[in-house]
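Colleague: If you scroll down you'll find the structure; I have some questions about it.
The values are calculated or read from the model by the stated rules, or taken from the named source; none is laboratory data. In this text the structure is predicted, and so the values were computed from the model without any measurement. Glycine also receives a Cβ, built like all others from the backbone with ideal geometry; neighbour counts cover every protein chain displayed. Please note that ligands, DNA and RNA were not included when accessible areas were found on the heavy atoms of the full protein model with its side chains. Shrake-Rupley method; radii C 1.70, N 1.55, O 1.52, S 1.80 Å.
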Amino acid sequence: MGDDSHSWTAAPAAAERARSVLAAAWSCSVTAEGTREELVGAHTVGEDGRVLVEVPEDSALLAAAICAPRGEPSAVLEFADVAPVPVRNRIRSRLWLAGWFAVEEERLAFTPTRVVLRQPSGSVVVDLDEFAAAEPDPLTTAEARLLTHLADCHADAVERLTRLVDSDSLHGAVRVQPLAVDRHGLTLRIERARAHGDVRLAFHAPADDVAQLTERMHILLSQATAASCSRALQRQRTDGDG
């Protein structure tokens, strides 16, 4: 299978992660002119990161778009990135877009002037040019299906992957679930009685489609098997020395 060394450590850049959250979200909250609306299945995303929103004629958002001075921040859109597998604290990140609406072909076109991504590691202000140029992770639209299949049908594989995790990180673990996957790696959520933590297993090379992801996962599982055999051999030698 070529080089299966565990050397690829890259993670998605903030702009790519933000575009992935935007691409996967089915709903969003919009705050404009002191009102807040929850939109479900009403938005699409352009290649440049603009958000196109379908709203009814009596929507307060439509009135806000017509009345607000063009180019001034007039609304904030909030998107939640929710883990597809049931885990403790399922919100993996939140994305806020501040900007302005304009009426465009019977839709509202939202142009962001500020992009903020909040992850467990902290909040990041995403550069607007990088946000516009970035593309979502190629596995974004398949992630929910892939993770739920892994959790529901291959619990044994998840357990085997924990052999790649440092034993200290597994101390007190009561459940391990797949939390996220992108072209750079797989993240596991390790739940304890009163806390939880995440461990990332990086692929040796990026996976740009599901077929490549399958190959990367097979390599991780092979590494996990090898790690287990190595530990067993180490125990045998230790017992023998005793």
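Colleague: Do the conditions hold for A180, that is, is it touching a residue at least 40 places away in the same chain (Cβ under 8 Å), out of contact with any strand residue (DSSP E or B) (no Cβ under 7 Å at 6 or more places or on another chain) and either closer than 21 Å to D208 by Cβ or open to solvent by less than 20 Å² (accessible area, probe 1.4 Å) (or both)? Steps first, please.
Modeller: Values: touching a residue at least 40 places away in the same chain (Cβ under 8 Å): yes; out of contact with any strand residue (DSSP E or B) (no Cβ under 7 Å at 6 or more places or on another chain): no; either closer than 21 Å to D208 by Cβ or open to solvent by less than 20 Å² (accessible area, probe 1.4 Å) (or both): yes.
In short, no.
Colleague: Here is a follow-up. What pairs come out if I take residues in the range 184-204 that are in contact (Cβ under 8 Å) with a residue 40 or more places away in the chain and over 17 Å from I219 (Cβ atoms) and pair them with residues that are open to solvent by 30 Å² or more (accessible area, probe 1.4 Å) and among the basic types (K, R) whose C-beta lies under 8 Å away, six or more apart or interchain?
Modeller: Partner pairs satisfying both residue conditions: R189/R88; E191/R88; E191/R175; H196/R88.
Colleague: Which of the residues spanning the range 26-44 are open to solvent by 60 Å² or more (accessible area, probe 1.4 Å) and at pLDDT 90 or above? Walk me through how you get there before you give the answer.
Modeller: So the first thing to find is which residues in the range 26-44 are open to solvent by 60 Å² or more (accessible area, probe 1.4 Å), and the list is 26, 33-34, 36, 38, 40, 44.
Correct list: W26, E38, V40, T44.
Colleague: Now, a different point. How many residues are open to solvent by less than 20 Å² (accessible area, probe 1.4 Å) and in contact with a Lys or Arg (Cβ under 9 Å, 6 or more places away or on another chain) when one looks only at the range 45-70?
Modeller: 2
Colleague: Tell me which residues, restricted to the range 74-97, are touching a residue at least 24 places away in the same chain (Cβ under 8 Å), of a type in the set (V, I, T) and assigned to a strand (DSSP E or B). Before the answer, list the steps.
Modeller: Initially, the range 74-97 is screened for residues touching a residue at least 24 places away in the same chain (Cβ under 8 Å), giving 74-81, 83-89, 92-95, 97.
Remaining after also requiring of a type in the set (V, I, T): 76, 85, 87.
The one that is touching a residue at least 24 places away in the same chain (Cβ under 8 Å), of a type in the set (V, I, T) and assigned to a strand (DSSP E or B): V76.
Colleague: Restricting attention to the range 118-143, which residues are free of Cβ contacts under 8 Å to residues at least 40 places away in the same chain and either surrounded by 14 or more Cβ atoms within 10 Å (Cβ to Cβ) or in a strand (DSSP E or B) (or both)?
Modeller: The initial filter retains those residues of the range 118-143 that are free of Cβ contacts under 8 Å to residues at least 40 places away in the same chain, namely 118, 121-123, 125, 128-129.
Those that are free of Cβ contacts under 8 Å to residues at least 40 places away in the same chain and either surrounded by 14 or more Cβ atoms within 10 Å (Cβ to Cβ) or in a strand (DSSP E or B) (or both): R118, G122, S123, V125, L128.
Colleague: What is the residue count in the range 191-220 for residues that are assigned to a helix (DSSP H, G or I), among the aliphatic types (A, V, I, L, M) and either in contact with a helix residue (DSSP H, G or I) (Cβ under 8 Å, 6 or more places away or on another chain) or surrounded by 15 or more Cβ atoms within 10 Å (Cβ to Cβ) (or both)? It would help to see each step written out before you state the result.
Modeller: First, pick out the residues of the range 191-220 that are assigned to a helix (DSSP H, G or I): 210-220.
Pick out the ones that are also among the aliphatic types (A, V, I, L, M) and you get 210-211, 213, 217, 219-220.
Restricting the remaining residues to those that are either in contact with a helix residue (DSSP H, G or I) (Cβ under 8 Å, 6 or more places away or on another chain) or surrounded by 15 or more Cβ atoms within 10 Å (Cβ to Cβ) (or both) gives 210, 213, 217, 219-220.
Result for the range 191-220: 5.
Colleague: So which residues in the range 164-179 are part of a strand (DSSP E or B) and in contact with a helix residue (DSSP H, G or I) (Cβ under 7 Å, 6 or more places away or on another chain), if there are any at all? Talk me through it step by step, then tell me what you get.
Modeller: First pass over the range 164-179, keeping only residues part of a strand (DSSP E or B): 173-179.
Result: V176, Q177, P178.
Colleague: Related question: Here are some residues: L146, L186. Which one is assigned to a strand (DSSP E or B) and modelled with pLDDT of 95 or more? First the steps, then the outcome.
Modeller: Numbers: L146 fails: assigned to a strand (DSSP E or B).
Of the residues listed, the single one that is assigned to a strand (DSSP E or B) and modelled with pLDDT of 95 or more is L186.
Colleague: Could you check the range 168-189 and list, in sequence order, the residues that are acidic (D, E) and out of contact with any Lys or Arg (no Cβ under 9 Å at 6 or more places or on another chain)?
Modeller: Taking the range 168-189 first, the residues acidic (D, E) are 168, 182.
Within the range 168-189, just D168 meets the criteria.
Colleague: Could you give every pair whose Cβ atoms fall below 9 Å, whose first residue belongs to the range 99-117 and is without any contact (Cβ under 8 Å) to a residue 40 or more places away in the chain and open to solvent by 10 Å² or more (accessible area, probe 1.4 Å), and whose second residue is among the hydroxyl-bearing types (S, T, Y) and part of a strand (DSSP E or B), counting only separations of at least 6 or pairs across chains?
Modeller: Matching pairs, first to second residue: W100/T111; W100/T113; A102/T111; V116/S123.
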